1. Answer yes if at least one residue in the stretch 186-204 is touching a residue at least 24 places away in the same chain (Cβ under 8 Å), assigned to a helix (DSSP H, G or I) and surrounded by fewer than 22 Cβ atoms within 10 Å (Cβ to Cβ), and no otherwise.
2. Among the residues of the stretch 141-152, count how many are within 19 Å of residue 78 (Cβ to Cβ) and exposed (fewer than 14 other Cβ atoms within 10 Å of the Cβ).
3. Just need a number here: residues in the stretch 88-113 that are aromatic (Phe, Trp, Tyr) and either open to solvent by 30 Å² or more (accessible area, probe 1.4 Å) or in contact (Cβ under 8 Å) with a residue 40 or more places away in the chain (or both).
4. Kindly provide the set of residues from the stretch 205-219 that are assigned to a loop (DSSP other than H, G, I, E, B) and free of Cβ contacts under 8 Å to residues at least 40 places away in the same chain, ordered by number.
5. Can you find even one residue in the stretch 29-39 that is assigned to a loop (DSSP other than H, G, I, E, B) and either open to solvent by 30 Å² or more (accessible area, probe 1.4 Å) or more than 22 Å from residue 192 (Cα to Cα) (or both)?
6. Pull up the stretch 1-22, narrow it to residues that are part of a loop (DSSP other than H, G, I, E, B) and hydrophobic (A, V, I, L, M, F, W, C), then point me to the one that is farthest from residue 191 (Cα to Cα).
7. Would you confirm whether any residue within the stretch 28-36 is within 15 Å of residue 88 (Cα to Cα) and modelled with pLDDT of 95 or more?
Amino acid sequence: MATLFIADLHLCSEEPAITAGFLRFLAGTARKADALYILGDLFEAWIGDDDPEPLHRQIALAIKDLVDSGVPCFFIHGNRDFLLGKRFARLSGMTLLPEEQVLNLYGRKILALHGDTLCTDDHGYQAFRKKVHQPWLQCLFLALPLFIRKRVAAKMRANSKASNSSKSMAIMDVNPQAVIDTLTRHRVQWMIHGHTHRPEINSLSANGKPAFRCVLGAWHTEGSMIKVTAEDVELIPFEF
C-alpha cells in the first residue's frame, strides 16, 4: 500500500531519455501504487490542449493505460504547464486538482502543491505568475492561432532563462515563513512539493509541532519520487 508523488519531468521531444524513463515508470513502478500524484511541470511547456505535438498524445495514452489498470492519477498544475486543461485530462484520465490540496493518506494529513507559490522572495516571478493566472488573459492567449502561441511561449521561456541566470539561488528557493504560514493555514504537518529542484525532506516546526517539507527532484539525469506508506515517507531517486 503506497501512494506515489512525482513532479518536474519537463517532458519535451528534445529529451527522449526522460520520456522513455517516464513511460517505463508508468508501466512498472506506478502499477503497484494506490494512486499517483503529479505535482506540476509534467511538460516543459504547454500552449493549449489543441497543440498537435505527438508527444502529448503519447503521454496521455500512457497515463490513461495506468488509470485503466486501476491506479488513479491526479494532477496539480506547475508553472510550465498551468494551461493544461480539461481536454487533456479527459484523454489521459487524470483528475485535475486545485493548486493546494490536502490529502488524508494512511493516517497522515499531507498538503500537496507545485511549490512556486512558496517562493515569495522572487518578486518578479510572483508578479508574472499573478498576471498569467488571470482567466481573461488565459482565454485571450488560447484564442490566438497556434503558431503565434508557440512564438510567445518561446519568447517567454527565453526571457525566463535570462532572468533566472541573474537571480541568487536563495531568491529562487522557498521562503521559510511562507512554508510555515501555508502549513498553518491548512493545519497540517506534512507538505510535498516540487518546483525548486532541490530534493530533500526538511524538518521544521509548524502549528507548535514537528513538521516536514518533502521536496521532489527534477527528472534531469534520474527519476525522483516520494513514496508515502502507513509506515514512512521516503524520497527515492531512481535510474531511468
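The values are calculated or read from the model by the stated rules, or taken from the named source; none is laboratory data. What you see is a predicted model; the values in this text were computed from it and never measured. Backbone-built Cβ (ideal geometry, glycine too); neighbour counts: all protein chains shown. Side chains are part of the model used for accessible areas, which takes the heavy atoms of the whole protein and leaves out ligands, DNA and RNA. Shrake-Rupley method; radii C 1.70, N 1.55, O 1.52, S 1.80 Å.
1. yes
2. Of the residues in that region, 1 qualify.
3. Looking only at that region, the number is 1.
4. Just the residues of the stretch 205-219 that are assigned to a loop (DSSP other than H, G, I, E, B), to begin with: 207-208, 216-219.
Selection gives 207, 208.
5. Keep residues of the stretch 29-39 that are assigned to a loop (DSSP other than H, G, I, E, B), which gives 33-34, 39.
Going one step further and asking which of them are either open to solvent by 30 Å² or more (accessible area, probe 1.4 Å) or more than 22 Å from residue 192 (Cα to Cα) (or both), we end up with 34.
Checking the stretch 29-39: at least one residue is assigned to a loop (DSSP other than H, G, I, E, B) and either open to solvent by 30 Å² or more (accessible area, probe 1.4 Å) or more than 22 Å from residue 192 (Cα to Cα) (or both).
6. Looking only at the stretch 1-22, we keep the residues that are part of a loop (DSSP other than H, G, I, E, B), and these are 1-2, 7-10, 12-15.
With hydrophobic (A, V, I, L, M, F, W, C) added as a condition, the list becomes 1-2, 7, 9, 12.
Details: 1: 20, 2: 17, 7: 14, 9: 19, 12: 28 Å.
Filtering the stretch 1-22 for residues that are part of a loop (DSSP other than H, G, I, E, B) and hydrophobic (A, V, I, L, M, F, W, C), the one farthest from residue 191 (Cα to Cα) comes out as 12.
7. Applying the first criterion (within 15 Å of residue 88 (Cα to Cα)) to the stretch 28-36 yields none.
Looking through the stretch 28-36, none of the residues is within 15 Å of residue 88 (Cα to Cα) and modelled with pLDDT of 95 or more.
Every residue, every condition in (1) loosely packed, with under 15 Cβ neighbours inside 10 Å; (2) modelled with pLDDT of 95 or more; (3) among the acidic types (Asp, Glu), yes or no:
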| residue | (1), (2), (3) |
| --- | --- |
| 60 | no, yes, no |
| 65 | no, yes, yes |
| 73 | no, yes, no |
| 77 | no, yes, no |
| 86 | yes, yes, no |
| 115 | no, yes, no |
| 119 | no, yes, no |
| 139 | yes, yes, no |
